[in-house]
Amino acid sequence: MDILSIQNLKKSFKDMVAVDGLSLSIGEKEVHGILGPNGAGKSTTINCILGLLEYDSGTVSFEDGKSSKKWSKNIGYVPQDLAIYPELTPTENIQFFCSLYGFKGEELKNRTQRALEFVGLTEVKDKKAGEFSGGMKRRLNMACGIAHSPKLIIMDEPTVGIDPQSRNRILENVRALNEAGATILYTTHYMPEIEEICNKITVIDHGKVIATGTKSDIMSRMGKDTELLIEFSEGKGNIDQFVHQVSEFSDVHHIEQEKWICKIRHPKNIVMIDKIIELTIKNQLSIQNIKNQEPSLEEIFLSLTGKELRDQK
Amino acid sequence: MFRLLLKKELKVFFTNKGNLAFILFLPILMISIFSVALGNYIKADYGTFEEGKVLYYEEDASAEIMNRFWIITDKIADATGVTFEQTDDYEKAQEAVEASKAYGVIRITEEGFDYFRSTFNEPEGGELVRTLFVQLANANISQPMSIQNIKLDAKQLDSKIYYTFSALAFSIMFMGVLIANSVYNEKELDTIERIKLSKAGIGGMMASKILTGICCGIVQVIVAFAFSNLILGVNWGNKLIWIVMVFILLILFSAVFGSVIGMISKNKSMCQSSVLMFSMLCGYMGGSITPLYLLENMPVLTTIIKISPLYWTNQALTSLYNGIVDEKTLYCICILIGLSVLVSLVFMLITTAGKKKFVSRKEAASV
């Protein structure tokens, strides 16, 4: 069952089209990653989903067709910028944001305690948030968005600018939230995060969905090539001649040589290994290691959008 | 829900030492500095008639003219208690009038009377005596002259008293800067997004900011009251509740104005400088720096100053200090409430008619 359904969403700012007929659905207990370069329409889409921005046309409906206004108590939002009060302690911050959803008394205390434990800030619960490191602030930012136990958690680049330990902690938290039953909509620029935690991915650019599905879905649809990586024993045989001969095969799209390592890209449906072995023997080379590798998500993203993800920041 | 927002606001507001210093020390600082530094401007004591005197200078006047002068001045002296003293140096007498040592100086010549008064420093008592004198001097000589027995119950108004009220009102106007900042911070921190998503909404947030401003303003009034009473010896009079009410309405206006500017501002410097400039302008035109009686006697300014809410506030506070609830007080109350409502309506119009959602920094950036 879909927890969020977006149909033909359009949003323009004067002459600029930010979201152009975007459709997307997120199923229950999914960790759905949205990928896209800057200006792709990610944040505008999220703001339309949250009801923070009015959209021109299309529909955004939640479970049972409810609007964001009616369903807002079920949404947890972890914005990219730190939406916390630096003058207040983590306890006060979490209590305040949680109480906005109607929780009070013991229930509020318990939820605050649980959120603090979840993000690992119990020991510093009475210190002012302004004194925290970037990673701790990010964790508190997350705690403020999840303390009311929302069904859908929207995380907009929650790991920007933090140390690897804090990032790992946040990713662990995301997984734990998902295991506990929450659906997560996650945007990030870091491809490994998407690969690590998302079970469904949507690639958007210029306000349109370019590809959506599981990682393997996208790869099978978009990634037509495969890459053969061969590592030869050093100093044996004529590698330059080998590279030259391989590059003359019409089915080889690309060959890259770095010392005694070669990367050969060719169509998936063409069997190349026999010809490669033959040339290896001819050139008196000795194979130390050979493997077939799928293109990375980053490479697929590049081929889909023509833009490097990490360069966008 | 609203109680939670207010509680958080007060906590955030009072943990900031700058805010605390602003609330506690600004009124004291402004009252002290203005009442000392600008003390000379408040020479025009609103004195009682008993303390007032009018000088006269005889210059080739006939017996008939002098006789008429004695009749007029006797009547005024009987009615008001003002004394008339002869002077033999007209120029020195004029200087004395300018220095508020006398209400005025009357030059008596063969052609009649020439009443000299200070253009900028004439006190209320002096103005009344001059009016009486002119009326009697122009009256028909054959008819018996009579004037009502007038008693002016005005208190002595010195710089300490004047600036206790006007400087406090000025510092309250600055409350708008803190509120605007506080609202803008919510946008800058993106906490506004979380509030928007909750039941509280923007309306609840703005109301809590305004109420926080009112609480802080009340603290300022209490501080100024204690300081002026205990240190400066200023008695706020018997219309204390009215005075406090005028101050609360002024805080309401400045907080509403500040919160609206905080919401519509696109950057922090614009937010701060616009409220600051507005407060300064209101303060200057409203008589919080230069006394009102000086501004009222300046051409052009005399009309322009009336657009400042502080002009009406200071007018009302002077009346209330003298124990009078007059039309000035009612005008002030109506103007402050009216302006608060007007600013709120303009904000609502911008948000609804223009369908403009006040987006955060991040949303604006994404656009």
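The values are calculated or read from the model by the stated rules, or taken from the named source; none is laboratory data. Fair warning: this is a prediction, and the values are worked out from it, not measured in the lab. Here Cβ is always computed from backbone atoms with ideal geometry, including for glycine, and neighbour counts include all displayed protein chains. In case anyone asks, the SASA skips ligands and DNA or RNA and just uses the protein heavy atoms, side chains included. Shrake-Rupley method; radii C 1.70, N 1.55, O 1.52, S 1.80 Å.
State all residues of the stretch A:42-59 that are within 21 Å of A:E193 (Cβ to Cβ) and open to solvent by 10 Å² or more (accessible area, probe 1.4 Å); if no residue qualifies, say none.
Applying the first criterion (within 21 Å of A:E193 (Cβ to Cβ)) to the stretch A:42-59 yields A:42-43, A:45-46, A:49.
Hits for the stretch A:42-59 are A:K42, A:S43.
A quick yes/no check of all residues on (1) assigned by TED's automatic domain parsing to the domain that holds B:Q272; (2) surrounded by 21 or more Cβ atoms within 10 Å (Cβ to Cβ); (3) assigned to a helix (DSSP H, G or I):
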residue: B:L178; (1), (2), (3): yes, yes, yes
residue: B:N185; (1), (2), (3): yes, no, yes
residue: B:E188; (1), (2), (3): yes, no, yes
residue: B:R194; (1), (2), (3): yes, yes, yes
residue: B:K199; (1), (2), (3): yes, no, no
residue: B:G204; (1), (2), (3): yes, no, yes
residue: B:K209; (1), (2), (3): yes, yes, yes
residue: B:G213; (1), (2), (3): yes, yes, yes
residue: B:V219; (1), (2), (3): yes, no, yes
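Of the residues that sit in the stretch A:61-70 and are more than 10 Å from chain B (Cβ to nearest Cβ) and free of Cβ contacts under 8 Å to residues at least 60 places away in the same chain, which one is surrounded by the most Cβ atoms within 10 Å (Cβ to Cβ)?
Out of the qualifying residues, it is A:S61.
Which residues, counting only those in the stretch A:101-131, are more than 21 Å from A:L177 (Cα to Cα) and within 14 Å of another protein chain (Cβ to nearest Cβ)?
A:G102, A:K104, A:G105, A:D126, A:K127, A:K128, A:A129, A:G130, A:E131, listed by residue number.
Within the group A:K10, A:K70, which residue is more than 17 Å from the chain's Cα centre (by Cα) and modelled with pLDDT of 90 or more?
A:K10
Among the residues of the stretch A:72-110, which ones are among the aromatic types (F, W, Y) and surrounded by fewer than 21 Cβ atoms within 10 Å (Cβ to Cβ)?
A:F103
Could you count how many residues in the stretch A:246-265 are within 19 Å of A:I287 (Cα to Cα) and open to solvent by less than 50 Å² (accessible area, probe 1.4 Å)? Break it down into steps so the answer makes sense when it comes.
Narrowing the stretch A:246-265 to residues within 19 Å of A:I287 (Cα to Cα): A:246-247, A:255-265.
Next, from what is left, pick out any that are open to solvent by less than 50 Å² (accessible area, probe 1.4 Å): A:246, A:255, A:262, A:264.
So the count comes out to 4.
Is there a residue in the stretch A:146-157 that is in contact (Cβ under 8 Å) with a residue 60 or more places away in the chain and in contact with a Pro (Cβ under 7 Å, 6 or more places away or on another chain)?
yes
Tell me, please, whether a residue that is of a type in the set (S, T, N, Q), open to solvent by less than 20 Å² (accessible area, probe 1.4 Å), assigned by TED's automatic domain parsing to the domain that holds A:H148 and in contact (Cβ under 8 Å) with a residue 40 or more places away in the chain can be found in the stretch A:111-126.
No, there is no match, as no residue in the stretch A:111-126 is of a type in the set (S, T, N, Q), open to solvent by less than 20 Å² (accessible area, probe 1.4 Å), assigned by TED's automatic domain parsing to the domain that holds A:H148 and in contact (Cβ under 8 Å) with a residue 40 or more places away in the chain.
Going through A:G51, A:G21, A:G39, A:G58 one at a time, which residue ends up being within 10 Å of chain B (Cβ to nearest Cβ) and over 27 Å from A:R175 (Cα atoms)?
Testing whether each residue is within 10 Å of chain B (Cβ to nearest Cβ) and over 27 Å from A:R175 (Cα atoms) leaves just A:G39.
Looking at A:D240, A:D217 in this structure, which one is surrounded by 13 or more Cβ atoms within 10 Å (Cβ to Cβ) and of a type in the set (D, E, K, R)? Don't jump to the end; show me each part of the working.
Details: A:D240 fails: surrounded by 13 or more Cβ atoms within 10 Å (Cβ to Cβ).
Within the list A:D240, A:D217, the selection yields A:D217.
Just wondering, is there one or more residues in the stretch A:301-311 that are assigned to a helix (DSSP H, G or I), at pLDDT below 80, open to solvent by 50 Å² or more (accessible area, probe 1.4 Å) and among the hydrophobic types (A, V, I, L, M, F, W, C)?
Yes.
Those residues that are surrounded by 16 or more Cβ atoms within 10 Å (Cβ to Cβ) and within 20 Å of A:D225 (Cα to Cα), I need them from the stretch A:276-293; list them, please.
Across the stretch A:276-293, the qualifying residue is only A:I276.
Restricting the search to the stretch A:9-38, which residues are in a loop (DSSP other than H, G, I, E, B), touching a residue at least 12 places away in the same chain (Cβ under 8 Å) and open to solvent by 10 Å² or more (accessible area, probe 1.4 Å)? Please lay out each step first, then the result.
Initial filter on the stretch A:9-38 (in a loop (DSSP other than H, G, I, E, B)): A:14-15, A:28-30, A:36-38.
Going one step further and asking which of them are touching a residue at least 12 places away in the same chain (Cβ under 8 Å), we end up with A:28-30, A:36-38.
Result: A:E28, A:K29, A:E30, A:N38.
Please state which one of B:S274, B:S265, B:S279 is open to solvent by 30 Å² or more (accessible area, probe 1.4 Å) and under 15 Å from B:I179 (Cα atoms).
B:S274
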